[in-house]
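One structure is given below, encoded as C-alpha cells.
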Amino acid sequence: MPDSGRLSDLGEQGSRAVMEAAAALEGELAAGLVDAKAAGDRLADEHRVDQEEFDKLVRRVSENTHQLIDAVSARVLGSTTGDAAEQTQMLTTSAHDIVDLLLKLSSLAPGLANHGLATAFGPPPADAQEPDGRHEG
C-alpha cells in the first residue's frame, strides 16, 4: 500500500500541474467560451439547442479536457516513481474514461432539451429544424 506522504506529494504536484496546464490551454478555453455563448444566445433567442453547435462544443470540451488530463499526468509522472507513478497511471486512465462517459451521456441533452422547450414554448417553425435539433437541408 502506498504511504500517505508520497500520495500527499503527488497531490501537491498534481495541483501545480493542473495550474500550469490550464494556463497553457487558456486560449483554447477562451475560444470555447465564445462558442458556448453563441449556443446560449441561440437557446435564449430561439428556445432550442442546435445539435451541430452542441456537438462542436462537446468535441472542443473533449479535446481540451483530454489534453489537460494528459498534461497533468505527464507532469506528475515526470517526478514520481513506484506506487505513486502506478497510481497516477490508473487515475489518468480513469479520468479519461469518466470524461468520455460523461460526454457521451451529454449527447442526449439537445434532444431532451428541445423536447422540453417545445413543450414549454411551443414547437419552432417546421422549416427551422429537425426534431433532434439539426437544421433541415
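To the nearest 0.05, how large is the calculated FRET efficiency for LEU108 and GLU28 if R₀ is 30 Å and r is the Cβ-Cβ distance?
The computed FRET efficiency comes out at 0.75.
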*What's log10 of I(q)/I(0) for segment 7-114 at q = 0.13, 0.17, 0.19 Å⁻¹, Debye sum over Cα points only, no solvent?*
-0.59, -0.84, -0.95
_Estimated vicinal HN-Hα couplings, Hz - segment 67-82 in sequence order (Karplus 6.51, -1.76, 1.60; Gly, Pro = x)_ = 5, 5, 4, 5, 5, 5, 4, 4, 5, 5, 5, x, 10, 10, 9, x
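Read the figures in this text as sums done on the coordinates, not as results from a lab. Just so we're clear, the structure is a prediction, and the values are computed from it rather than from any experiment. Heads up, the Cβs are rebuilt from the backbone with ideal geometry, glycines too, and the neighbour counts pull from every protein chain shown.
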